[in-house]
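The values are calculated or read from the model by the stated rules, or taken from the named source; none is laboratory data. Remember, predicted model here, so these are calculated numbers, not experimental data. Using ideal geometry, Cβ is built from the backbone for each residue, glycine included, and neighbour counts are taken over all protein chains shown. Remember, those area values only see protein heavy atoms, side chains included, never the ligands or the DNA or RNA. Shrake-Rupley method; radii C 1.70, N 1.55, O 1.52, S 1.80 Å.
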Amino acid sequence: MTRTAFITGATSGFGRAAARRFVAGGWRVVATGRRAERLQALAAELGPERVHTACFDVRDEAAMRAALDALPAPFRDVDLLVNNAGLALGTKPAPQASLADWHTMIDTNVRALATLTHALLPTLIARRGAIINVSSTAARYPYPGGNVYGGTKAFVSQFSLGLRADLHGTGVRVTTLEPGMAETEFTLVRTHGDQAASDALYRGAQPITAEDIAQTLFWIATLPPHLNVNRLELMPTRQSFAGFQVHRED
Ligand code: NDP
Ligand code: 8X3
């Protein structure tokens, strides 16, 4: 039986690589994002019979619901929701951070993720499906400038565990995936387009690739149904922990 994955943020990075991986694995994919031309290119690459594209801003609840209502028959039967669309904006400490950036992160990473999950729960329960929420190591390990981004990802991780408890007995699996440093458009977005900053961050670090994450998502989704990965933290070997900071005064 062909299964269907609904993947948000499929125009770039993890989501686009995941769309490719799931189609290669024989799945149908609903690919979403705001950049229509990228969605069209993905559908052309992978085939319209395998990929249905839905172009909307996840923060626009009416557009999200219209896209769900417009899903054609085979794509309506969602077996897997990959809540991947998300972003960090800014690296400044809280006093200097932009409040508008904070609101965008909360609306995208938290509010939209919860809204879409709520909308798809009846289908996922009926189909004994699965949810994979893309969180981050930032959910657990704070760092200067991570403030609201880390807070949104802590929500994603805790929400995932809560969903798992609420869905007890339904057969629906729920996973939170918490990656560390991965080279995608993430840093370009975070720095409002600073390619040099993005290149400098990843240089020599052998970061996680989008394909690594796609492979991991596919592995989680295709485990036997009696197994649930609750949370999975994944880092580049070259990234680890740096301890606490101490402010001293005489
Ligand atoms: P990218 O910037 O490459 O991809 C982000 C995706 O999210 C894009 O497809 C973008 O689509 C989509 N998106 C963002 N905002 C919206 C919106 N308002 N409406 C619809 N779609 C939106 O980054 P990644 O692939 O790295 O990020 C994917 C997820 O992984 C994010 O949740 C991120 O927080 C998380 N993550 C990333 C890590 C990293 O180091 N890269 C590490 C840990 C977690 P479009 O712009 O077309 O709308
Ligand atoms: C992205 C990883 O360390 O930049 O979620 O916050 S980090």
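Looking for whichever is open to solvent by less than 50 Å² (accessible area, probe 1.4 Å) and within 13 Å of ligand 2 (Cβ to nearest atom) here; the options are ALA130, ALA182. Which one fits? Don't jump to the end; show me each part of the working.
Numbers: ALA130 fails: within 13 Å of ligand 2 (Cβ to nearest atom).
After applying the criteria, what remains is ALA182.
Here GLY47 meets the list (1) within 19 Å of the chain's Cα centre (by Cα); (2) surrounded by fewer than 17 Cβ atoms within 10 Å (Cβ to Cβ) almost entirely, failing just condition (1).
Can you list the strands (runs of 3 or more DSSP E) found entirely within the range 7-119 that contain at least 1 residues being closer than 21 Å to HIS192 by Cβ? Steps first, please.
Numbers: elements: 28-33, 51-55, 80-83.
Where strands (runs of 3 or more DSSP E) fall fully within the range 7-119 and carry at least 1 residues being closer than 21 Å to HIS192 by Cβ, they are 28-33.
Taken over the range 214-228, the criterion of being hydroxyl-bearing (Ser, Thr, Tyr) and open to solvent by 30 Å² or more (accessible area, probe 1.4 Å) is satisfied by THR222 alone. Kindly provide the set of residues from the range 166-179 that are polar (S, T, N, Q) and either within 11 Å of ligand 2 (Cβ to nearest atom) or surrounded by fewer than 15 Cβ atoms within 10 Å (Cβ to Cβ) (or both), ordered by number. Selection gives THR170 alone.
For the range 200-213, does any single residue satisfy the condition of being among the β-branched types (Val, Ile, Thr), surrounded by 17 or more Cβ atoms within 10 Å (Cβ to Cβ), more than 14 Å from the chain's Cα centre (by Cα) and within 20 Å of GLY146 (Cα to Cα)? For the range 200-213, residues among the β-branched types (Val, Ile, Thr), surrounded by 17 or more Cβ atoms within 10 Å (Cβ to Cβ), more than 14 Å from the chain's Cα centre (by Cα) and within 20 Å of GLY146 (Cα to Cα): present. Criterion applied to THR216, THR191, THR209 was being farther than 22 Å from ARG21 by Cβ and in contact (Cβ under 8 Å) with a residue 24 or more places away in the chain, and the one residue passing it is THR191.
When you look at THR187, is it open to solvent by less than 30 Å² (accessible area, probe 1.4 Å), of a type in the set (Ser, Thr, Tyr) and away from ligand 1 (no atom under 11 Å from the Cβ), yes or no?
Details: open to solvent by less than 30 Å² (accessible area, probe 1.4 Å): yes; of a type in the set (Ser, Thr, Tyr): yes; away from ligand 1 (no atom under 11 Å from the Cβ): no.
No, not satisfied.
Taking the range 150-184 as the region of interest, how many residues are out of contact with any Leu (no Cβ under 6 Å at 6 or more places or on another chain), within 16 Å of ligand 1 (Cβ to nearest atom) and either hydrophobic (A, V, I, L, M, F, W, C) or over 18 Å from ILE106 (Cα atoms) (or both)?
Just the residues of the range 150-184 that are out of contact with any Leu (no Cβ under 6 Å at 6 or more places or on another chain), to begin with: 150-171, 173, 175-176, 178, 180-184.
Next, from what is left, pick out any that are within 16 Å of ligand 1 (Cβ to nearest atom): 150-160, 175-176, 178, 180-184.
Checking which are either hydrophobic (A, V, I, L, M, F, W, C) or over 18 Å from ILE106 (Cα atoms) (or both) leaves us with 154-156, 159, 175, 180-184.
Residues meeting the conditions: 10.
Looking across the range 140-165, the residues that are in contact with a Gly (Cβ under 9 Å, 6 or more places away or on another chain), open to solvent by 20 Å² or more (accessible area, probe 1.4 Å) and in a loop (DSSP other than H, G, I, E, B) come down to ARG140, TYR141, PRO142, TYR143.
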